[in-house]
Amino acid sequence: MAEAAVMASDSLWQKVRGEAQRAADADTVFGKALAGPILAHDDFAGALVDLIGRRLGNSAAERTRFASYSRAAFRNQPDLIETASRDLQAIVLRDPAIGGLLPPLLHFKGYVALQAFRVSNWLWHNDHVDAALLFQNEASNVLQVSIDPAASIGSGVYLDHATGIVIGANVVIGDEAIILQNVSIGRRGELPTRSPRIGRSVFIGAGATILGDIRIGDSAKIGAGTVVTTDVPDGCTAVGNPARLTNCPESASAA
């Protein structure tokens, strides 16, 4: 994603509110649905806190609990809001079917699951292990996305369709990755540190499996249903089971 194309969270929030207000003006019934999640909040952080609480909590008490943890994470690590802004913009920039910021914010479970992970990751690194695992468990149950709180995921990431995604402990995923449904990324063997390291701007197709102490290079593509257990150089495409490399740039082929 070009840096110039990325709005700061304050600018993004004004655009989201504008979209929500126009939708509310055009449809009074839909407007009432928008009033709580968007128009009732003063900033993007408040809307995200409410959104995570609503999507993960099955009762008023649970919604309050998840919202409280999320509020603490955003207050103590403000750059999580900027990262959430980049994640939202990545959906709009990369999905031609999306015409605005409001639909993916309200309705795309992959976006909510990713922000819930970011809260769980903050909790994990601040000695709230049980709370971090609670976030993971509820996101898995409700949203069908299970991301270990000990994983590391960059910004501008898009979980497309976001059903059946499993990302294990100590997996590293770079900025601007696109991950489709039914993808599994995790260790191979008993040691948790032996987890994949995935570079920047990597595309991972539906049903792919990436396992072990391997590196997926920047701008690589992993085809649908591919099983990857060895390194994939920068810019290469991996397809098949076991994976074979194709469409590699000359520099990767020479190496």
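Odds and ends about this structure:
- Considering residues of region 115-153 that are in a loop (DSSP other than H, G, I, E, B) and of a type in the set (A, V, I, L, M) only, the residue farthest from ILE165 (Cα to Cα): ALA150
- Test: residue in region 44-57 that is exposed (fewer than 15 other Cβ atoms within 10 Å of the Cβ), free of Cβ contacts under 8 Å to residues at least 40 places away in the same chain and among the acidic types (Asp, Glu): no
- Going through (1) more than 18 Å from VAL228 (Cα to Cα); (2) crowded, with 22+ Cβ neighbours inside 10 Å; (3) in contact with a Lys or Arg (Cβ under 9 Å, 6 or more places away or on another chain); (4) not basic (Lys, Arg) one by one, LEU114 falls short only on (3).
- Odd one out for VAL183, checked against (1) outside the structural domain of ILE216 (by TED's automatic domain parsing); (2) of a type outside the set (Phe, Trp, Tyr); (3) over 19 Å from LEU80 (Cβ atoms): (1)
- Among the residues of region 37-96, those that are under 16 Å from the mean Cα position of the chain (by Cα), more than 22 Å from ASP127 (Cβ to Cβ) and either assigned by TED's automatic domain parsing to the domain that holds ILE178 or polar (S, T, N, Q) (or both) comprise SER85, GLN89.
- Members of region 22-43 found to be closer than 30 Å to GLU176 by Cβ, of a type outside the set (A, V, I, L, M) and assigned to a helix (DSSP H, G or I), listed by number: ARG22, PRO37
- Unmet requirement for LEU191, which otherwise passes all of (1) closer than 17 Å to PHE117 by Cβ; (2) modelled with pLDDT under 95: (1)
The values are calculated or read from the model by the stated rules, or taken from the named source; none is laboratory data. Bear in mind the structure is a predicted one, so any value in this text is a computation, not a measurement. Cβ atoms come from the backbone with ideal geometry, glycine included; neighbour counts cover every protein chain shown.
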